[in-house]
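Asks: Structure provided below as structure tokens; questions to follow.
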Amino acid sequence: MATLKDVARLAGVSVKTVSNVVNGYSFVKPDNRARVEAALEATGYRPNLGARNLRRGRTGFIALVLPELSIPYFAELTGLVIAAAQEHEWNVLIEQTFGTLSGERSAVASLGPHLVDAAVLSPEALQVEDFRLSVPAVLLGEHAVDVPISRVGIDNVAAAMTAVRHLISLGHTRIAAIGAHPHRGTAALRLEGYRAALAEAALPFDSALVVPALNYHRADGAAAMRALLDLRNPPDAVFCFNDLLAVGAMRTAAERSVRVPEDLAVVGFDNNDESAYTSPSLTTVAPDKSAIARAAVDLLSRRAGAPDLRCDDVQTPFSLQVRESTVAR
């Protein structure tokens, strides 16, 4: 493999000049930079990232701790975090916890400065006493626990209200909710937004129309929709707390010959890639996932250099993508 000395000899400059170009410093003379870049290309030089990070006092890795990569929202977010991390010369180690307390505790316990420089966490079951971290961290989303760690996410109450207001504006009065969960902070907030939108429109809250979901998979949405359609007075619309629940709900509706949106309007949450390609296409709350990933990694970069910075609560944008599951085309 080519070395800095090989590149410097070919370019006719010092090893220090080559190092400055490789490390992206701006004060190198343009003609010297051009010769070094040509020599780098000719020799195929590749920097020793391990040695560089050791000199900088960093590992070159951050951790991304998520519940389930099989859920499209987290899979899409993972790709965006990786892209954002590359801009900071970080690689990403991914840990999947399945949202269990034991899985999350094990993941947190493994995070040390010998392994990663920082961590992005999306916990569902951790308690306050579990957040004893030895590296800078950022939380994704809103959670029931109150800990002094920076957070990045959307306003889930406002997002849920936006979804339910949309259904109300279309004339629906018996609106169900699928996805209540005792341990998911985001679920509690989305339920709060659902109830607030009903109250705002002077519509009664009916607990029979709120169906919990242990997991946020298609099968859970399908089962919840069966329970709702078996009611003596079934709903005329349903707000699902993620897109997979909504896809499952629409499948059950089709099996029962319930037309979407004519007989039942459906709104999801997350704007996964598949939501635009379901039949009918799914109306859904669309968080700006790129903004979430960039904000989380930028916060980590700042905190890794100054761990005593105050904690930030960054709210990123969202929108409602209106499609065929609520408005027939």
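Asks: May I ask for the net charge around Leu282, where only other residues with Cβ less than 9 Å from the Cβ of Leu282 are counted and Lys, Arg are +1 while Asp, Glu are -1? Before the final figure, lay out the partial values.
Replies: Working: positive: Arg323; negative: Asp243, Glu274, Glu324.
For residues surrounding Leu282, the net value is -2.
Asks: Roughly what angle does helix 156-169 make with the longest principal axis of the chain, taking Cα atoms, 0 to 90 degrees, to the nearest 10?
Replies: Roughly 40 degrees, rounded to the nearest 10.
Asks: If amide hydrogens are placed 1.01 Å from N in the peptide plane, which non-local residues have theirs closer than 5 Å to the one on Ser150?
Replies: Those lying under 5 Å, H to H, from Ser150 are Leu139, Asp312.
Asks: Set the Förster distance to 45 Å, then compute FRET efficiency between Ala199 and Ala34 from the Cβ-Cβ distance, nearest 0.05.
Replies: On the way: r = 66 Å, r/R0 = 1.47.
After rounding, the FRET efficiency stands at 0.10.
Asks: If you fit an axis through the alpha-carbon atoms of helix 72-86 and take the longest principal axis of the Cα set of the chain, what angle between them do you get, 0 to 90°, nearest 10?
Replies: Between the helix axis and the principal axis of the chain, the angle is about 20 degrees.
Asks: May I pose another question? Given charges of +1 on the Cβ of Lys and Arg and -1 on the Cβ of Asp and Glu, with all other atoms neutral, how large is the dipole of the chain about its Cα centre, in debye to the nearest 20? Kindly include the intermediate steps, with their values, before the conclusion.
Replies: Details: 32 positive and 36 negative charges, 222 e Å.
The dipole magnitude comes to about 1060 debye.
Asks: With a Förster radius of 22 Å, plug the Cβ-Cβ distance of Arg256 and Ser281 into 1/(1 + (r/R0)^6) and report the FRET value to the nearest 0.05.
Replies: Details: r = 20 Å, r/R0 = 0.92.
For R0 = 22 Å, the calculated efficiency reads 0.65.
Asks: Taking H placed 1.01 Å from N in the peptide plane, check which residues at least 5 places from Val266 or on another chain put their amide H under 5 Å from its amide H.
Replies: Val238, Thr326
Asks: Using Cα centres only, tell me the gap between segment 143-188 and segment 309-329 in whole Å.
Replies: Each part reduced to its Cα centre gives a spacing of 11 Å.
Asks: With a 1.4 Å probe and all protein chains in place, put Ser325, Ser134 in order of accessible area, largest first. If you can, show how the numbers build up before the last one.
Replies: Working: Ser325 0, Ser134 75 Å².
In descending accessible area the options line up as Ser134, Ser325.
Asks: Then there is this: Go ahead and estimate [θ] at 222 nm for the chain from helices alone: -39,500 (n - 2.57) per DSSP H run with n ≥ 4, summed, over the residue count, rounded to 500. Intermediate values should be presented prior to the final figure.
Replies: On the way: 11 runs with 134 residues, N = 329.
Helix contribution divided over all residues of the chain: -12500 deg cm²/dmol.
Asks: Return the ratio Rg/(2.2 N^0.38 Å) for the chain, where Rg is computed over Cα atoms only. Write out the running numbers ahead of the final one.
Replies: Working: Rg = 24.6 Å, N = 329, 2.2 N^0.38 = 19.9 Å.
Dividing the Cα radius of gyration by 2.2 N^0.38 Å gives 1.24.
Asks: Separate question: Given a Förster distance of 22 angstrom, what is the FRET efficiency for Glu89 paired with Ala158, based on the Cβ-Cβ distance and rounded to 0.05?
Replies: On the way: r = 35 Å, r/R0 = 1.61.
Between Glu89 and Ala158 the formula returns 0.05.
Asks: What part of the accessible area of the chain, given as a whole %, is carbon or sulfur when the probe is 1.4 angstrom?
Replies: Roughly 53 percent of what the probe reaches on the chain is carbon or sulfur.
Asks: What is the extension gain from Ala219 to Glu41, computed as 0.36 nm multiplied by their sequence separation minus the C-alpha to C-alpha distance, in nm to one decimal? Please report the intermediate quantities before stating the final value.
Replies: Details: separation 178, 0.36 × 178 = 64.08 nm, distance 5.26 nm.
Length difference between fully extended and current span is 58.8 nm.
Asks: Cβ under 13 Å from Thr78's Cβ, Thr78 left aside: what net charge do those residues give with Lys, Arg +1 and Asp, Glu -1?
Replies: Working: positive: Lys289; negative: Glu68, Glu76, Glu95.
Combined, the nearby Lys, Arg, Asp and Glu give -2.
Asks: How many Å² of accessible area per residue for segment 178-329, probe 1.4 Å? Spell out each step's value before the answer.
Replies: Details: 6950 Å² over 152 residues.
Result: 46 Å² per residue.
The values are calculated or read from the model by the stated rules, or taken from the named source; none is laboratory data. What you see is a predicted model, and the numbers here were worked out from it, not measured in a lab. Every residue, glycine among them, receives a Cβ derived from its backbone with ideal geometry; neighbour counts consider all protein chains shown. Ligands, DNA and RNA are stripped out before the accessible areas are found, and what is left, the full protein with its side chains, is counted by its heavy atoms. Shrake-Rupley method; radii C 1.70, N 1.55, O 1.52, S 1.80 Å.
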